[in-house]
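Student: Just passing along the structure, written as C-alpha cells.
The values are calculated or read from the model by the stated rules, or taken from the named source; none is laboratory data. Not measured: the values here are computed from a predicted model. Methodologically, a virtual Cβ is constructed for each residue, glycine included, from the backbone with ideal geometry; neighbour enumeration extends over all protein chains shown. Ligands, DNA and RNA are excluded from the accessible area calculation, which covers all protein heavy atoms including side chains. Shrake-Rupley method; radii C 1.70, N 1.55, O 1.52, S 1.80 Å.
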Amino acid sequence: MSTTRAAPAPSSRRAAPERGRSGGDDRRLTWRNRLYRFDMRYMPYLLIAPFFLLFIVFGLFPLLFNAVVSLRNYRLDDPTLPYWAGVENFSRLLGDEDFWNALYNTFGIFLLSSVPQLLLALVVASLLNRKLRAQTWWRVGVLLPYVTPIVASTMVFSVFFSRDFGMANWVLGLFGLGGPDDPIDWRADKLHAWIAIATMVNWKWIGYNALLYLAAMQSIPRDVYEAAAIDGAGPWKQLWRITVPMIQPVVLFTVILSTIGGLQLFTEPMLFDPNAQAATGGPNGEWQTIAQLIYKVGWKDLNLGYAAAMSWALFLIILIVAGVNYVVTNRLSGGRK
Amino acid sequence: MKRSWTHWARAATVGAVSLVMVAACSGKSTTGGSDAADGQVTLKINFWGDFGLQDLKAKYEADHPNVKIQLNSGEYNAQHEDLQKKLVAGNGAPDIAAIDEGFMVQFRSQSDKFVNLLDKGAGSYESKYLPWKWKQSLSADGKTQIGLGTDVGGLAMCYRTDLFKAAGLPTERDQVSALWPDWDKFIEVGQQYTAKTHKKFIDAGTNLFNPILGQQQVGFYSDQEQLQMDGGPKVAFDYTVKAVQAGLSANLVSFQADWDKGFTSGAFAVLACPAWMLGHIKDTAPGTQGKWDIAAVPGGGGNWGGSFLTIPKQGKHVDEAYKLLEWLVAPEQQIEIFKKVGNLPSQPALYADPAIADFKNPFFNNAPVGQIFPKMAQGLTPQYLGRKNGPTRVAVENVIRRVENKSLKPDAAWAEAVKEADKAAKS
C-alpha cells in the first residue's frame, strides 16, 4: 500500500526542475515526461485490468444476468410461460419448505465443519510452530488432504460411511458402539449424515488452514513467548492470549473463507448420496444443501428462473453471514478494527 | 533513459499479453468436425445400461465404411435430463437418442424437436409393432411418430435356486410360480424364507413397488394428466409397506454399488425381472451363472420399462441416422440383442421365430425366456404414463426408502407419499 501511494510523488517533483533546467529540449522531454508519468500513474491500473476484465465477463455479467433470470419465468420444459414473473420466484421461495430444509442443513453442516476445523487448525499450527524433526515433512504432510481431488476423497469417504460394509461402523464397533448387529445407517437421519459430511470437509481443510496460521505465527517475535513463559503462562494460555490475538487478521480471513466455502458446499453432499444423480440429498433431503437444491431445481426440474432466485438468495445470505462472522470473530479475538 | 524504455516496453508487453488472453478466453471456440470433407460420418447414440450394441456397432461399421458409431452409455435419469437440456439449447443432442417409456410422454409432447419418422417412411412399421408400443411414441394428434420401439419390459420373477434350496423351498420353476399366485402369498413365502435363513428376501421395496404398479390399470396419472394416487399407486404402496414391515427387504438402492454387491453376496433371493434386467444380472454377477432361474410374477401380467430410439432434429446426419435406426430394429438385430442381453423385441412376429421361441438362457438355468416374456408382453394393456411420471416415481420411491431405513413410521407413510407426489407433480 504505502509504496504505491508514495511512488508517484517523486516523479512530479523530479519532473519540475528538469523542465526548468534545459529549455531547448523541452518538446522531447515533455514527451518523455508524459510517458514517464503515464507509466507511473496509469500503468498499475492497466496491469491489474486483466483481472477486472475477466471478473466483469465471468463474474459480474453472470451475476447480473442471473438477477434478470430470477425475475423471469424460465422453464426449459415449458417455453410458453409469460416472459416476466416479477418477484414470483422470490415469494415462492419464502414458502418453499425444501429451501428452508436445505438452508437448515447447510448451516448445520457448516457449524459442524467450520468450528472444529478452525480450532483444530490452530492447534495443529501451533504444534508445527515448534522445533520439530523433519519439519518440512510434517508441514507438507498436513497439506496432502488439500491436494487430493475432492471427488476422489469423497468417493472414498462415501464407502467409509456405508451402512453394511463401512469402516466407520467397524471402528465404532471396536469401541462397542453400533457394531455389525446394529450398524449406524449414516444416511438415515440428519445428524449422522451431517457428521459424515462435516468429517469430509474437516479432513480436507484443516491442513490448509493450519498452514495459513503457521505462516502468520512465524512473524510473532520469540521474545513475547519467552516473556510469557517467565511469567508462568503455559502453552495453552500462550496460544489463546498471545498467538490468536497476534494472528487475528489471518483468523478473520479463514473465517470468511470457510463461511463462503461452507455455505456453497456441493460436491461432498452430492457424492454422499448412493444415487448421486438424484441430487435430493437423501430420501427426505436429510443432507441436501442449498447449492445442491439449486442444481436440482435448475437442471432436474428444469426451472432455471426459480434456481436463479435461489442463487441470489444464497448470495445475500453469504454476505450477511460473512459480515456477522467478521464482527463476532473480531470481538472474540480482541480486535480493535 | 534506456532503462525506462525497456521498463515501459516490458510492462506494455505484459499488459498486451494479458489482454490477448482475455480476448482468447471470451472468444468462441471452433466447433464441428471434419465429417463432411472425406465423406466420413460419425453417429452418436445415447442410451443407458446395456443395449447390446457393442457387437452390432462393429458389424455395421464393417458394412458401412463411411460410418463411425459412437456409443455413449450413461445413467438412466441423467441421459433423459441431458437430452431435454440439449433439445432446449438447440445444440448438442446425439444423432440417435434412446428414450424410456417412463419419459416418453414428456418428449413426445415436444414432437417438433424430433424427426417425424413417418416422413421417412416409418408408417410401414405400424403393423409390425405391438399396437400399444407404437402408440406410446406417437404424438397426441397422431401425426408425428418420434421413435421406433426397441424392447418391452414384461415381467417375471428371478430367483436364486441355491438360496431357495437352503431355505427348504422348492426350486423347480413351475413349483415356484405356484407358490405365489398373488402378492399376499408372495409376502408369506418371503416370511418363511427369512424365518428359516435370517436373510432378506427381496432387494428393495422400490423394486416391489414398481412391478406391482406396472400391473395396475392406472398409474400415477390419468390420461388427462391428473395425479391420482388412490388407484394403482395405493395398491402397490400398501403391498410394499407390508413387505418392508415383515422385514423382507435388504434395503438396497437400485443400480448402486451396494445393490450390485448384493447380487454376488446373496443379500436377497428374489428380484422382479423385466426382460432387460437379465442382462444386468449377467453383467453384474457373472459368478452366479446357473444359480438363477425365472418364475412367473405374482398377480399376472404387467410391464416395467421398455425403450424407443429417436432422432433429434438438430442432428447433422439425419438420413444416415435413420438408416442406422432401421437397421437396428430389423428382426436380425433385434434377435441378436435378445440373445445377448435379454431385451425383448417389441415386434410380435418375432416371438414366433424359432430363434426367440426356442431360446433358453443358459445363465438362468436354461429358463425358456423366449416363452416366458413374449407371453407376458402380448397379454398387456399398458397404462398411461404422464409427463411428470419420472419425477413422481422418484418422489414416491424416496418415501419407501424412508420407511425402509425406519426414519418414517409405516402408518404415516401413505400420507407422506401423497404429499411428495403432489409436490413432484407441481415442481
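Student: State, in square angstrom and to the nearest 100, the accessible area buried between chains B and A, both chains counted, probe radius 1.4 Å.
Tutor: 3200
Student: Please find, in a Gaussian network model of chain A (springs between Cα atoms separated by less than 10 Å), the residue of A:85, A:152, A:307 whose mean-square fluctuation is greatest.
Tutor: A:152
Student: Sticking with this structure for a sec: Check every DSSP H run in chain B and write down those whose alpha carbon atoms cover 27 angstrom or more along the long axis and whose mean Kyte-Doolittle hydropathy is 0.5 or greater.
Tutor: Once both thresholds are applied, what remains is B:2-26.
Student: To the nearest 0.05, what FRET efficiency results for residue A:75 and residue B:198 with a Förster distance of 51 Å applied to their C-beta separation?
Tutor: After rounding, the FRET efficiency stands at 0.50.
Student: Give me the distance in nm between label points sitting 7 Å out from Cα along the Cα-to-Cβ direction at residue B:110 and residue B:40, one decimal.
Tutor: 3.1
Student: Carbon and sulfur: what percent of the range B:130-171's accessible surface (1.4 Å probe)?
Tutor: Carbon and sulfur atoms account for 58 percent of the accessible area of the range B:130-171.
Student: Need the per-residue list for the range A:27-62: every residue with at least 30 Å² less accessible surface in the complex of protein chains than in the chain by itself, probe 1.4 Å, sorted by number.
Tutor: A:32, A:35, A:39, A:43, A:47, A:50, A:53, A:54, A:58
Student: So, one more: Enter the mean number of other protein chain beta carbons within 10 Å of the beta carbon of each residue in A:274-282, as an integer.
Tutor: So the per-residue partner count for this stretch is 5.
Student: Carbon-plus-sulfur fraction of the accessible area of the range B:278-343, 1.4 Å probe, in percent?
Tutor: 50
Student: When ligands, DNA and RNA are left out and all protein chains stay put, how many square angstrom of accessible area per residue does the range A:106-244 have with a 1.4 Å probe?
Tutor: 57
Student: So, one more: Using only Cα atoms and rounding to the nearest 10 degrees, what angle (0 to 90) does helix A:97-128 make with the longest principal axis of chain A?
Tutor: The helix A:97-128 is inclined about 60 degrees to chain A.
Student: Then there's this: Which of A:226, A:268, A:97 ends up with the largest GNM mean-square fluctuation for chain A, with Cα atoms connected below 10 Å?
Tutor: A:226
Student: Taking each residue in B:392-405, count the Cβ atoms of any other chain within 10 Å of its Cβ, then average. What number comes out?
Tutor: 3
Student: If a/c stays under 1.5 just call it rounded; otherwise compare a/b with b/c (prolate if a/b is bigger, oblate if not). Do that for chain B, with a ≥ b ≥ c from the square roots of the Cα gyration tensor eigenvalues.
Tutor: prolate
Student: So if I take the centroid of the Cα atoms in the range B:293-322 and the same for the range B:70-106, what is the distance between those two points in Å?
Tutor: For the range B:293-322 versus the range B:70-106, the Cα centre distance is 13 Å.
Student: If contacts are Cα pairs under 8 angstrom and at least 6 residues apart, what is the relative contact order of chain B in percent?
Tutor: Once divided by the residue count of chain B, the mean separation gives 23 percent.
Student: If I build a Gaussian network model for chain A, linking alpha-carbon pairs within less than 10 angstrom, which residue out of A:51, A:253, A:99 has the largest mean-square fluctuation?
Tutor: The residue that fluctuates most here is A:51.
Student: Now for a separate question. Suppose every K and R has +1 on its Cβ and every D and E has -1 on its Cβ; what is the size of the dipole of the protein assembly as shown about the Cα centre, in Debye to the nearest 20?
Tutor: 4460
Student: With a 1.4 Å probe and all protein chains left in place, how much of the accessible area of the range A:91-185 comes from carbon and sulfur atoms, in whole percent?
Tutor: Using a 1.4 Å probe with all protein chains present, the range A:91-185 comes out at 72 percent carbon and sulfur.
Student: Distance in nm between label sites at residue B:339 and residue B:191, each 7 Å beyond Cα in the beta-carbon direction?
Tutor: Result: 4.6 nm between the two label points.
Student: Based on the mean of other beta carbon atoms within 10 Å per residue, what is the order of B:93-100, B:406-413, most packed first?
Tutor: Descending packing order for the listed peptides: B:93-100, B:406-413.
Student: Now, a different point. Quick one: which residues, 5+ away or cross-chain, put their amide H under 5 Å from the amide H of residue B:68? H built at 1.01 Å from N.
Tutor: Amide H neighbours of residue B:68: B:41, B:42, B:43.
Student: What shape does chain A have by the C-alpha gyration tensor, where a ≥ b ≥ c are the square roots of the eigenvalues, rounded means a/c under 1.5, and otherwise prolate means a/b greater than b/c and oblate the rest?
Tutor: Here chain A falls in the oblate category.
Student: For A:292-304, what's the mean count of beta carbons from other chains sitting within 10 Å of each residue's beta carbon?
Tutor: Shielding by partners across A:292-304 averages 2.
Student: Taking the alpha-carbon centroid of each part, what is the distance from the range A:287-321 to the range B:197-264 in angstrom?
Tutor: Answer, in whole Å: 31.
Student: Check the straight Cα-Cα distances from residue B:282 and name the lysines below 16 Å, setting aside those fewer than 8 residues away within the same chain.
Tutor: Once the sequence-local lysines are set aside, what remains near residue B:282 is B:261, B:291, B:339, B:340, B:360.
Student: On to the next question. At a Förster radius of 22 Å, what calculated FRET efficiency corresponds to the Cβ-Cβ distance of residue B:330 and residue B:119, to the nearest 0.05?
Tutor: 0.65
Student: Can you order the peptides B:188-195, B:250-257 by their average number of other Cβ atoms within 10 Å per residue, highest first?
Tutor: Peptide ranking by packing, descending: B:250-257, B:188-195.
Student: Right, another one. Could you compute the FRET efficiency for residue B:62 and residue B:85, with r as their C-beta to C-beta distance and R0 at 25 Å, rounded to 0.05?
Tutor: 0.15
Student: Give me the accessible area per residue for chain B, probe 1.4 Å, as a whole number in Å².
Tutor: Accessible area per residue, chain B: 43 Å².
Student: Using the basic label-point model (7 angstrom from Cα toward the beta carbon), what is the residue A:325 to residue A:177 distance in nanometres?
Tutor: Simple spin-label model gives 2.6 nm for this pair.
Student: For chain B, give me the percentage of DSSP beta bridges that are antiparallel, rounded to the nearest 5 percent.
Tutor: Around 60 percent antiparallel, to the nearest 5.
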